[in-house]
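Notes to accompany the following structure.
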Amino acid sequence: MRAVVQRVSAASVSIEGRTTAEIENGLLVLLGIACDDGEKDLTYIEDKLLHLRIFDDENGVPNLDVSEVSGSILLISQFTLYGNAKKGRRPSYIRAARPEVAIPLYEKLKSRLKEKIPLKCGVFGADMKVSLINDGPFTILLDSRKEF
């Protein structure tokens, strides 16, 4: 599972010209699910999203997580995070999960996060327009399979 996590002061998603979800202070999360992702990957991403200390404390040091600043998460599915453009000019998405695998994992993550933090979401598979004001800018890449 991969996630692009952006600390935002505002973010929204629109479908067919209509805003369907928006947040103020919090995280915009673009989530990609691989064809072989499972419970371990889901738990890793969930824990990181809830506990990444990327919000400034009273001294301007990124020491606080999203809940400590009363923030929200805007979660957007994005299979293109598994695009591989190493060869040729057209990315291959062979590692991206098909909807029958990805949707249950996406829904499970939504359910778990919703229990712990204010959550807004895009619509799986929809053509979405995402807007954000990146605060910092502060962007983190997460991958449940990479060890650094």
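Relative to the longest principal axis of the Cα atoms of the chain, the long axis of helix 39-51 makes an angle of roughly 20 degrees.
Assuming charge only on the beta carbon of Lys and Arg (+1) and of Asp and Glu (-1), the dipole of region 26-84 about its Cα centre is about 180 debye to the nearest 20. Out of the total accessible area of region 1-65 (probe 1.4 Å, heavy atoms of protein only), what percent is carbon and sulfur? The nonpolar share, carbon plus sulfur, comes to 44 percent.
Cβ under 13 Å from Arg18's Cβ, Arg18 left aside: what net charge do those residues give with Lys, Arg +1 and Asp, Glu -1? Provide the component values of the computation, followed by the final result.
On the way: positive: Lys129; negative: Glu16, Glu22, Asp127.
So the surrounding residues net to -2.
Among Arg95, Arg112, Arg18, the largest mean-square fluctuation in a Gaussian network model of the chain (Cα springs under 10 Å) belongs to Arg18. Once the chain from Asp47 to Val130 is taken as fully extended at 0.36 nm per residue, the excess over their C-alpha distance is 27.5 nm.
At 0.36 nm per residue, minus the direct Cα-Cα distance, what do Asp143 and Arg18 gain on full extension? Give it in nm, one decimal, please.
Working: separation 125, 0.36 × 125 = 45.00 nm, distance 3.13 nm.
That works out to 41.9 nm of additional length.
Distance between the modelled labels on Asn25 and Ser67, one decimal in nanometres: 1.7 nm (7 Å Cα→Cβ projection). Considering helices alone, the calculated mean residue ellipticity of the chain at 222 nm is -6500 deg cm²/dmol, with DSSP H runs of length four and up weighted by -39500 (n - 2.57) and normalised per residue.
If I take R0 = 41 Å and measure r between the Cβ atoms of Ala10 and Lys87 in this structure, what FRET efficiency does the formula 1/(1 + (r/R0)^6) give, to the nearest 0.05? Before the final figure, lay out the partial values.
On the way: r = 38 Å, r/R0 = 0.93.
Here the calculated transfer efficiency is 0.60.
Note on Tyr93: accessible area is roughly 90 Å² with a 1.4 Å probe, heavy atoms of protein only. How tilted is helix 99-114 with respect to the longest principal axis of the chain? Cα atoms for both, answer in degrees (0 to 90, nearest 10). In the chain, helix 99-114 runs at an angle near 10 degrees to the longest axis.
Tell me whether region 1-65 comes out rounded, prolate or oblate; compute the Cα gyration tensor, take square roots of the eigenvalues as a ≥ b ≥ c, and use a/c under 1.5 as the rounded threshold. All intermediate terms of the calculation are to be shown ahead of the outcome.
Details: a/c = 3.22, a/b = 1.08, b/c = 2.99.
Because a/c hits 1.5 or more and a/b fails to exceed b/c, region 1-65 counts as oblate.
In this structure region 2-63 gives 47 Å² per residue of accessible area when probed at 1.4 Å with all protein chains present.
Projecting the Cα atoms of Ser92, Thr139, Ala3 onto the dipole axis of the chain, where Lys and Arg carry +1 and Asp and Glu carry -1 at the beta carbon, places Ser92 farthest toward the positive end.
The values are calculated or read from the model by the stated rules, or taken from the named source; none is laboratory data. Quick caveat, the model's predicted, so the values are computed rather than measured. Positions of Cβ are backbone-derived with ideal geometry, glycine not excepted, and every protein chain shown enters the neighbour counts. When the accessible area is computed, the model is the full protein with side chains, heavy atoms only, and any ligands, DNA or RNA have been set aside. Shrake-Rupley method; radii C 1.70, N 1.55, O 1.52, S 1.80 Å.
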